[in-house]
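Report on one structure; see the data block that follows.
The values are calculated or read from the model by the stated rules, or taken from the named source; none is laboratory data. As the structure is a prediction and not an experimental result, all values here were calculated from the model. Reconstructed Cβ throughout: ideal geometry from the backbone, glycine too, with neighbour counts over all protein chains shown.
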Amino acid sequence: MARSALMNVMTQAAMKAGRSLTRDFGEVQNLQVSMKGPADFVSNADRKAEEIVFQELSRARPEWGFLMEERGTVEGRDPQHRWIVDPLDGTTNFLHGIPMFAISIALERDGQIVAGVIFNPALDELYTAEKGGGAFLNDRRLRVAARAKLPESVIATGMPFLGHGDHARFLFESRQIMAETAGIRRMGAASLDLGYVAAGRFDGFWEHELKPWDIAAGSLLVREAGGFVTDTEGAKFDVMQGDICCGNELIHRQLLAELKKANTAHRGGGEPVAAKG
Ligand code: IPD
Ligand code: CA
Ligand code: CA
Ligand code: CA
């Protein structure tokens with residue numbers, strides 16, 4: 001598959017960082033781990049991978065700025081372009097020896113995500129998308145799943161954890177979704193959840209309070225694979241807001257309707273809808 005110059009830059013940065021993560025994943029017990037907040041881990045593997053991505057992208061496009069999870073904002077001289085980078089999405093998985101983690105790199109141009117790359121080095125799976133050019137997994141063109149009904153669908157989510165998110169709201173939402181679908185999955189890396197929706201593995205995905213680097217590349221992948229992406233109330237998706245709901249047109253619509261029911265019940269102090277037999 002012929003890749004554009006931009007895609008080459010992004011995939012090379014992701015794959016180089018991937019080699020560093022693979023080495024560190026092999027000796028995870030030797031990593032230095034610290035906490036940024038409750039259950040919010042960061043290790044020297046995250047920082048090394050971020051440094052590699054930063055160096056590679058800065059060398060290729062010296063004028064462009066960054067928004068990165070660990071380093072924060074790095075202003076560029078070109079106000080139109082910004083890289084949005086998660087050097088290790090799924091740190092908790094990584095530190096537990098679970099091979100569901102990825103590097104996520106997106107390019108924002110004039111406030112719009114125009115290119116995205118997500119790489120899971122443990123499975124050697126590289127997701128790429130450019131606005132208007134389709135989404136790919138390695139060399140295969142992606143299309144979201146065609147399932148039309150929630151009862152046939154597997155829906156991914158991210159659940160709140162120690163010190164993070166609205167636990168009660170999640171219980172209402174997940175109880176509603178589990179009552180209406182073939183299953184819920186919590187994989188632990190939002191970028192890969194979105195890659196899996198784009199690949200038709202998951203039929204849909206919703207999560208609250210994510211960060212731009214978790215969802216910038218993945219939201220483009222889902223759209224380029226023919227999916228619909230909004231916030232969790234059906235409003236226009238904004239990468240800086242962090243609430244996301246996606247799937248094919250029909251599943252996306254049904255998922256939003258179930259989330260609405262769950263939140264109406266939650267706000268009213270009522271019971272979520274009981275599971276069907
Ligand atoms: C986390 C993952 C996880 C999501 C968390 C994120 P990190 O990112 O994407 O799936 O549920 O909210 O913080 O910290 O491992 O890069
Ligand atoms: Ca983190
Ligand atoms: Ca992340
Ligand atoms: Ca991260």
Answer yes if at least one residue in segment 117-139 is more than 21 Å from Ala2 (Cβ to Cβ), assigned to a strand (DSSP E or B) and over 15 Å from the mean Cα position of the chain (by Cα), and no otherwise. no
Just checking, which of Arg3, Arg19 is in contact with a Ser or Thr (Cβ under 9 Å, 6 or more places away or on another chain) and either outside the structural domain of Phe94 (by TED's automatic domain parsing) or farther than 17 Å from Glu69 by Cβ (or both)? Arg3
Filter the helices (runs of 4 or more DSSP H) completely within segment 5-105 down to those with at least 1 residues that are over 24 Å from Leu162 (Cβ atoms), away from ligand 4 (no atom under 16 Å from the Cβ) and over 20 Å from the mean Cα position of the chain (by Cα). 5-26, 44-60
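Would you mention how many residues in segment 64-103 are among the polar types (S, T, N, Q) and over 13 Å from Lys211 (Cβ atoms)? Reasoning before the result, please.
So the first thing to find is which residues in segment 64-103 are among the polar types (S, T, N, Q), and the list is 73, 80, 91-93.
Next, only the ones that are over 13 Å from Lys211 (Cβ atoms) stay: 80, 92-93.
Counting residues in segment 64-103 that are among the polar types (S, T, N, Q) and over 13 Å from Lys211 (Cβ atoms) gives 3.
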Pair list, Cβ < 6 Å and 6+ apart or interchain, from segment 14-36 residues that are within 14 Å of Pro87 (Cα to Cα) to residues that are basic (Lys, Arg) and surrounded by 10 or more Cβ atoms within 10 Å (Cβ to Cβ): Ser20/Lys48
Can you report the number of residues in segment 188-228 which are β-branched (Val, Ile, Thr) and either closer than 16 Å to Glu130 by Cα or within 16 Å of ligand 4 (Cβ to nearest atom) (or both)? 2
Just wondering, is there one or more residues in segment 185-194 that are more than 16 Å from ligand 3 (Cβ to nearest atom) and either crowded, with 22+ Cβ neighbours inside 10 Å or aliphatic (A, V, I, L, M) (or both)? no
Looking at Arg71, Arg59, Arg82, which is the one that is in contact with a strand residue (DSSP E or B) (Cβ under 7 Å, 6 or more places away or on another chain) and modelled with pLDDT of 95 or more? Arg82
